[in-house]
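Notes for the one structure printed next.
The values are calculated or read from the model by the stated rules, or taken from the named source; none is laboratory data. Quick caveat: nothing in here was measured; it's all calculated off a predicted structure. Note: ideal-geometry Cβ built from the backbone for every residue, glycine included; neighbour counts use all protein chains shown.
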Amino acid sequence: MRSEFLPFARPDISEEAIADVVDSIRSGWITTGPKTQRFEKSFGEYVRSPYSMAVNSATAGLHLAMLAFGIGPGDEVITTPMTFAATVNTIVWVGAKPVLADIDPVTLNIDPQNIERVLTPRTRAIVPVHFAGRPCRMDEIESIAHDHGLVLIEDAAHALGAEYRGRRIGTALGDTHAAIFSFHPTKNITTGEGGMLCTGNEEIAEKVSVLRQHGMSKGAWNRYAVTGNPHYDILFPGLKYNMLDIQAAIGNDQLLHLEKFNNRRRQIVDRYRRELGGLDTLTLPGESGKGDIHSWHIFTPLVMIEKTGFSRDEFMARMREKNIGTALHYQAIHLFSYFADNFGWKRGDFPNAEYVSDRIVSLPLFPAMTDDDLAEAIEATREICGRR
Ligand SMILES: *Cc1c(COP(=O)(O)O)cnc(C)c1O
């Protein structure tokens, strides 16, 4: 057994990033400023988005996107039951009604046919989630959004570096579109906490920029800089969702390593696939579609509980006994008490998501994982789930 616990994820932050954080702290300018602006610019160039707005979490980004598009009471927003709670929480916080469309059991992404089934005259937006970094069937989702005049807000928290048919996730898709990324410590790059909202719509970008900073017409950087003007107006009752330069200092450096990080993620996934592929007690996640790039934020086999004779939770506990961390992404949204109690959802409503929710587990996957770490995670999995 390993002497040291192997977490399922751990950030990889360079000495250069640490030095640049210290530089921010010593400079006397630690909140939003030039490093945040630089991060927005490089990020926008990377995903090919005309406007990229840094915020303090993806949750904040999702909330702001919905506010900026004017989504609110009386509106319905369609999303997937196989996502993190923030996707649905933010729909609830703007006063709209979340509507779930069941997933495709193979891709674990929202199934466009199920989206069509739950459309109503009140539908205002679709929020697809690229689960684990595998792009959704965006051509079909975009055409539904286009035909019904809907806003498209991509929850791209898992999908930094992913591509759909040669187009990077986050690339602007027109005036009724935004994509949100997360820089939580487990994500493909981190800023500690943080997020980015990408859009091609100048008016939405402007609203987001005001809303993320109290609704003030100018941010602190413009007010307190040498050439700044001290006057501002309040245009909306805004929030406090801005990113710090301390965070952007990490982000700027992380972005330089993204391709290397994602290549290492793919390498780890390939080895998991080779060495776990023969077990009939596990169903491994599939590759992305032809011409697409998967960003492999997480590697999520299904524990085939009919064959193992024990539950997914038991698998996780046995891995823990071997000092190997795993995680659960995700319990299906509709099974959480708040959502079940308030939206009338119950077991049986989204059978594909439930099937996955009962079996899914995330194995350790992060770029700084060594080959030995990986060998031990594989060995532990095979001991628990049976050898070939
Ligand atoms: C991580 C995550 C979020 C929230 O990101 P934060 O930056 O932690 O707010 C939202 N949606 C999905 C699918 C996520 O994985």
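Return a yes/no flag: does the range 65-76 have any residue that is in contact with a strand residue (DSSP E or B) (Cβ under 7 Å, 6 or more places away or on another chain), over 22 Å from L150 (Cβ atoms) and aromatic (F, W, Y). So far as the range 65-76 goes, no, none of its residues is in contact with a strand residue (DSSP E or B) (Cβ under 7 Å, 6 or more places away or on another chain), over 22 Å from L150 (Cβ atoms) and aromatic (F, W, Y).
Quick grid of which residues meet (1) at pLDDT below 95; (2) out of contact with any Leu (no Cβ under 8 Å at 6 or more places or on another chain); (3) more than 16 Å from the ligand (Cβ to nearest atom); (4) of a type in the set (G, A, S):
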{"site": "S143", "(1), (2), (3), (4)": "no, yes, yes, yes"}
{"site": "R167", "(1), (2), (3), (4)": "no, yes, yes, no"}
{"site": "T191", "(1), (2), (3), (4)": "no, yes, no, no"}
{"site": "S209", "(1), (2), (3), (4)": "yes, yes, yes, yes"}
{"site": "H214", "(1), (2), (3), (4)": "yes, no, yes, no"}
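Among the numbered conditions (1) more than 23 Å from F261 (Cβ to Cβ); (2) of a type outside the set (A, V, I, L, M, F, W, C); (3) in contact with a Gly (Cβ under 9 Å, 6 or more places away or on another chain), the only one that S311 does not meet is (3).
If you check S52, S57 for being touching a Leu at 6+ places or on another chain (Cβ under 9 Å), within 16 Å of the ligand (Cβ to nearest atom), closer than 22 Å to G238 by Cβ and small (G, A, S), only one passes: S52.
Considering only residues that are surrounded by fewer than 17 Cβ atoms within 10 Å (Cβ to Cβ) and assigned to a helix (DSSP H, G or I), which ones fall in the range 97-119? Of everything in the range 97-119, those that are surrounded by fewer than 17 Cβ atoms within 10 Å (Cβ to Cβ) and assigned to a helix (DSSP H, G or I) turn out to be Q113, E116, R117, V118. Residue selection: L160 satisfies the criterion of being among the hydrophobic types (A, V, I, L, M, F, W, C), assigned to a loop (DSSP other than H, G, I, E, B) and touching a strand residue (DSSP E or B) at 6+ places or on another chain (Cβ under 9 Å). Taken across the range 115-128, residues that are touching a residue at least 60 places away in the same chain (Cβ under 8 Å) and touching a strand residue (DSSP E or B) at 6+ places or on another chain (Cβ under 7 Å) do occur, with at least one present. Looking at G291, is it surrounded by fewer than 14 Cβ atoms within 10 Å (Cβ to Cβ) and in contact (Cβ under 8 Å) with a residue 24 or more places away in the chain? Yes: the conditions hold for G291. Among all positions in the range 291-301, there is at least one residue which is at pLDDT below 95 and in contact with a strand residue (DSSP E or B) (Cβ under 9 Å, 6 or more places away or on another chain). Just one of the numbered conditions (1) out of contact with any Leu (no Cβ under 8 Å at 6 or more places or on another chain); (2) part of a loop (DSSP other than H, G, I, E, B) is not true of M319: (2). Regarding V77, is this residue over 21 Å from L173 (Cβ atoms) and either crowded, with 21+ Cβ neighbours inside 10 Å or in contact with a Lys or Arg (Cβ under 6 Å, 6 or more places away or on another chain) (or both)? Here the answer is no, as V77 does not meet what is asked. Cβ contacts < 8 Å: first residue closer than 20 Å to A65 by Cα and β-branched (V, I, T), restricted to the range 176-197; second residue in a loop (DSSP other than H, G, I, E, B) and within 11 Å of the ligand (Cβ to nearest atom), any location; separation 6+ or different chain. Result? If the second residue must be in a loop (DSSP other than H, G, I, E, B) and within 11 Å of the ligand (Cβ to nearest atom), the pairs left are I180/A156; I180/A157. For residues that are of a type in the set (K, R) and assigned to a loop (DSSP other than H, G, I, E, B), tally how many sit in the range 329-388. Total meeting the criteria: 4.
Residues are listed down the side, and each one gets a yes or a no for (1) assigned by TED's automatic domain parsing to the domain that holds Y241; (2) within 26 Å of K240 (Cα to Cα); (3) of a type in the set (A, V, I, L, M):
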residue	(1), (2), (3)
L62	yes, yes, yes
F84	yes, yes, no
D104	yes, no, no
N114	yes, no, no
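Residues in the range 361-388 that are among the β-branched types (V, I, T) and exposed (fewer than 12 other Cβ atoms within 10 Å of the Cβ): T370 only.
If I ask for residues that are free of Cβ contacts under 8 Å to residues at least 60 places away in the same chain, within 12 Å of the ligand (Cβ to nearest atom) and assigned to a strand (DSSP E or B), which ones from the range 65-96 would you list? Correct list: empty.
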